[in-house]
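Let me begin by presenting the structure, written as structure tokens, before commenting on it.
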Amino acid sequence: MPHLRPGKEPAHPVPGWPYSIVCALEPGRSSWTAPLDALRLAPGDDTATVTAGQLRELVERLITAGQWQSGDPDVLIIADAGYDAPRLAFLLRDLPVQVLARMRSDRVLRRAAPPRLPHTRGRPPRHGGEFVFGQPDTWGTPDTETVTDTRLYGTALARSWDRLHPKLTHRSSWAAADGTLPIVEGTVIRLDIDHLPSGATPKPVWLWWSGTDATEADADRLRQAYLRRFDIEHTFRLFKQTLGWTCPKIRTPEAADRWTWLILAAYTQLRLACPLAADRRRPWEKPSPPDRLTPARVRRDFRHIRPQTACPTQAPKPSRPGPGRPPGRKNTRPTPRYDVHTPRKTQPAQRRTKKSTTPRPRRTG
């Protein structure tokens, strides 16, 4: 649960335990989400591998419970640029899921290998030409292009290029892979808008979808689906600022797990109480329809709903605190310390002895 600690000096991050939280999103604009699972990342864990295992277990539970049946559309997994989308798609290739994630604007992908000409000697190429996000002359003609007028962003232009893949190497998450690395093809979508509601300068958004042969309808649907990912930011803000996810000074990872699940349970209670809540707005707030109440407004009225519900537990028994450590005696059991999560380094970095006079452009596959 890393967070920022404000003060007189510039805010600096406070170390904590990072969590991978899976939430179900609604099709339309909403500040509500449905948290489904939470998993703490241990020091040294690979984010893509742990997330893939978490998603696999969750999808299998949904299939077992009958929430997904044969013939239904694939489950769409939306992630930010901090996740390795091609690796997630490769690890979950045997499940009915599709991965849609944002990519950094300095990425370089490869096209499919060109057909081999007759009587050509040598090893056949596995990769085609480069597709550099920062160099428009390498893009070529897009396979699909859609223009949509939106209320908040003006004209939205979505272009897609089919069958692009990263050139994988035996490092980072693929360092332990044996043999020839796979080719994970997908569709790249670039989204351009006219303006932002805040007035800031808009930047293009690059998306990678694990499917291929995308149509114009697919590109437009994926564009709208990715915008729904920002609804989870409202959930995290409510966790931290309203429900107090990062307020207690937790000492053990097990206590952090219990507290995280208590926060998720409290949020689920608010979601279930939404049809029963009344709009108790501030004098300066606008009225909201009963079916569009935000989590914060439902929480305001929760104190009027709770007395009307049955309590499954008994009244707490009175007790008094223990005597504690006698005065003057030293503490012989110091508090254990736990490592802070850091990204796993598969290979030690080598220090350069001499700076190159002809630097090469960045190439990240």
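The values are calculated or read from the model by the stated rules, or taken from the named source; none is laboratory data. Please read these numbers as outputs of a predicted model, since none were measured by experiment. A quick note on method: Cβ atoms are made from the backbone with ideal geometry, for glycine too, and the neighbour counts reach across all protein chains shown. Keep in mind that these areas ignore ligands, DNA and RNA; they rest on the heavy atoms of the full protein, side chains included. Shrake-Rupley method; radii C 1.70, N 1.55, O 1.52, S 1.80 Å.
Go through the residues of segment 291-304 one by one and say whether even a single one is of a type in the set (A, V, I, L, M, F, W, C), assigned to a loop (DSSP other than H, G, I, E, B) and surrounded by fewer than 10 Cβ atoms within 10 Å (Cβ to Cβ). Among the residues of segment 291-304, not one is of a type in the set (A, V, I, L, M, F, W, C), assigned to a loop (DSSP other than H, G, I, E, B) and surrounded by fewer than 10 Cβ atoms within 10 Å (Cβ to Cβ), which makes the answer no. Candidates are the residues of segment 144-158 that are in contact (Cβ under 8 Å) with a residue 60 or more places away in the chain and under 22 Å from R104 (Cβ atoms); the one that is surrounded by the most Cβ atoms within 10 Å (Cβ to Cβ) is A158. Answer with yes or no whether T187 is β-branched (V, I, T) and either at positive phi or exposed (fewer than 13 other Cβ atoms within 10 Å of the Cβ) (or both). It is false that T187 is β-branched (V, I, T) and either at positive phi or exposed (fewer than 13 other Cβ atoms within 10 Å of the Cβ) (or both). Residue check: is V184 of a type in the set (V, I, T), in contact with a Lys or Arg (Cβ under 8 Å, 6 or more places away or on another chain) and in contact (Cβ under 8 Å) with a residue 60 or more places away in the chain? Answer is yes for this residue.
The C-beta contact set for segment 16-31 (first residue without any contact (Cβ under 8 Å) to a residue 40 or more places away in the chain and more than 18 Å from Y226 (Cβ to Cβ), second residue of a type outside the set (D, E, K, R) and open to solvent by 30 Å² or more (accessible area, probe 1.4 Å), distance under 6 angstrom, 6+ apart or interchain) comprises S20/L39.
Among all residues of segment 274-283, there is at least one that is closer than 19 Å to H234 by Cα and in a helix (DSSP H, G or I).
One line per residue, one yes/no per condition, for (1) modelled with pLDDT under 95; (2) in contact with a helix residue (DSSP H, G or I) (Cβ under 9 Å, 6 or more places away or on another chain); (3) open to solvent by 80 Å² or more (accessible area, probe 1.4 Å):
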residue: Q67; (1), (2), (3): yes, yes, yes
residue: I78; (1), (2), (3): no, yes, no
residue: F90; (1), (2), (3): no, yes, no
residue: T120; (1), (2), (3): yes, no, no
residue: G128; (1), (2), (3): yes, no, no
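Checking each residue in segment 187-208 for being hydrophobic (A, V, I, L, M, F, W, C) and in contact (Cβ under 8 Å) with a residue 60 or more places away in the chain picks out V188, V205, W206, L207, W208. When segment 228-251 is limited to residues that are open to solvent by less than 40 Å² (accessible area, probe 1.4 Å) and polar (S, T, N, Q), the one that is farthest from L36 (Cα to Cα) turns out to be T246.
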